[in-house]
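The values are calculated or read from the model by the stated rules, or taken from the named source; none is laboratory data. Predicted, not measured: the structure shown is a model, and the values here were computed from it. Here the Cβ positions follow ideal geometry from the backbone for every residue, glycine too, while neighbour counts run over all protein chains shown.
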């Protein structure tokens, strides 16, 4: 075989494509070392975010190497990333998508697909139809609820627990009605729901069980990974979450009969299952007869579902692969920061409702939530922390029915949403992500203590005046 003289000469000089690629990646590593290192912590000056990216040179090098290959859409790296999460959960399948919100949309759209009538095993619940109820907590992220509304389903809203910020398991079975067909439960801030109750209710009443696991990658309940209980579960890989691809998410497929439809809806709704760049994987590309199409219509352009394009890119997958290797260390750091903050704030339990964790659960904390009590003004506490350069967040939408975009949606409420209202008005959270070291966590704890010490000093003259 003849050799390309130019490539041969380049290889002899050591500046062929592989050598040049190695030089580029080495420079990327040097660039990271020089320009991507965090600065020193200066209490009161350095911003302490509630979440953020934690990465090293491997993420940058993977991103650049993917760019050099210039395979832009989902390809070999995306397939590797999906296989890695499939192994992690021990699931039937795993589908990478472009956001956690898209993952929730994909799960709901899958369960609403008429195609499932042909694919589901006999013991599975039937597909969802417009007008069916889906039980979900009133305290939620908007894109957990939005896909239900968009598909003509009726959210059945149930109150939450202050402390866990999850759906109250004691209310779930009593809330069920004749049109209730599914449970859709988020593990709020990485704190697992009571999956023993929820799985049992879903099984006995033949309901679909969906998990919104966007906050909870790595969390377990009774030793089992959150995300492996439901028929489907969602993940988010936004920079605030446990691993990041920038934008990105995924769907864990656990139940039989769902993977083909979910993958179809993610990929435009097509019936074909060829990977990008491939053709005729089925061996009969021009030998199908589906719907009212003429026999032999190109299978790559047959659509069996109302679908979307929700795929990731290879460059995102390159980052995700590097992040996935760090997941155990990330989860351990989150748990360590959470415990340190819980121990430091324990003396403030008279002023704050501290997080409540089921003894069977091991959270993978997204944040550290507290609810003020005893007449404490949340707005004043938030202002104090923000002035101290500590970033705060509220628990997403609070009682979602109070949000302007959700006013007037069709829904049903079971009982009272009293505790959801309390969360709306009294709850906030701060960060525990792996980018926070002991010094930063201790500073956050000191800021909380400082707020209540100041409040006590301000109250003392009033007490003395009243006693006089």
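Within region 437-459, is even one residue outside any helix (DSSP H, G or I), surrounded by fewer than 20 Cβ atoms within 10 Å (Cβ to Cβ) and modelled with pLDDT of 95 or more? For region 437-459, residues outside any helix (DSSP H, G or I), surrounded by fewer than 20 Cβ atoms within 10 Å (Cβ to Cβ) and modelled with pLDDT of 95 or more: present. For region 261-297, which residues satisfy the criterion of being touching a residue at least 40 places away in the same chain (Cβ under 8 Å) and either under 25 Å from residue 232 (Cβ atoms) or under 26 Å from the mean Cα position of the chain (by Cα) (or both)? Selection gives 261, 262, 263, 264, 265, 266, 267, 268, 275, 276. Is there any pair with a first residue in region 74-94 that is assigned by TED's automatic domain parsing to the domain that holds residue 224 and on the phi > 0 side of the Ramachandran plot and a second that is outside any loop (DSSP other than H, G, I, E, B) and at pLDDT 95 or above whose Cβ atoms are under 9 Å apart and which are 6 or more apart or on different chains, and what are they? From residues that are assigned by TED's automatic domain parsing to the domain that holds residue 224 and on the phi > 0 side of the Ramachandran plot, the pairs are 90/225.
Do you know which residues across region 104-125 are in contact (Cβ under 8 Å) with a residue 24 or more places away in the chain, outside any helix (DSSP H, G or I) and within 17 Å of residue 202 (Cβ to Cβ)?
Answer for region 104-125, where residues must be in contact (Cβ under 8 Å) with a residue 24 or more places away in the chain, outside any helix (DSSP H, G or I) and within 17 Å of residue 202 (Cβ to Cβ): 120, 121, 124, 125.
For residue 265, the stated conditions hold: it is assigned to a helix (DSSP H, G or I), assigned by TED's automatic domain parsing to the domain that holds residue 115 and either in contact with a helix residue (DSSP H, G or I) (Cβ under 6 Å, 6 or more places away or on another chain) or modelled with pLDDT under 95 (or both). Kindly evaluate residue 322 against the criterion of being touching a strand residue (DSSP E or B) at 6+ places or on another chain (Cβ under 8 Å), assigned to a helix (DSSP H, G or I), closer than 30 Å to residue 65 by Cβ and assigned by TED's automatic domain parsing to the domain that holds residue 438. In short, no.
Among the conditions (1) crowded, with 22+ Cβ neighbours inside 10 Å; (2) in contact with a helix residue (DSSP H, G or I) (Cβ under 6 Å, 6 or more places away or on another chain), residue 127 misses just one, which is (1). Residue 76 meets all of the listed conditions (1) touching a strand residue (DSSP E or B) at 6+ places or on another chain (Cβ under 6 Å); (2) surrounded by fewer than 16 Cβ atoms within 10 Å (Cβ to Cβ) but one, namely (1). Checking 217, 235 one by one, the residue that is under 10 Å from the mean Cα position of the chain (by Cα), assigned to a strand (DSSP E or B) and under 20 Å from residue 335 (Cα atoms) is 235 and no other. For region 134-190, filtering for residues that are in a helix (DSSP H, G or I) and closer than 18 Å to residue 429 by Cα leaves 4.
Name the residue that is surrounded by the fewest Cβ atoms within 10 Å (Cβ to Cβ), counting only residues in region 212-227 that are farther than 18 Å from residue 167 by Cα and either touching a strand residue (DSSP E or B) at 6+ places or on another chain (Cβ under 7 Å) or without any contact (Cβ under 8 Å) to a residue 12 or more places away in the chain (or both). It comes out as 223.
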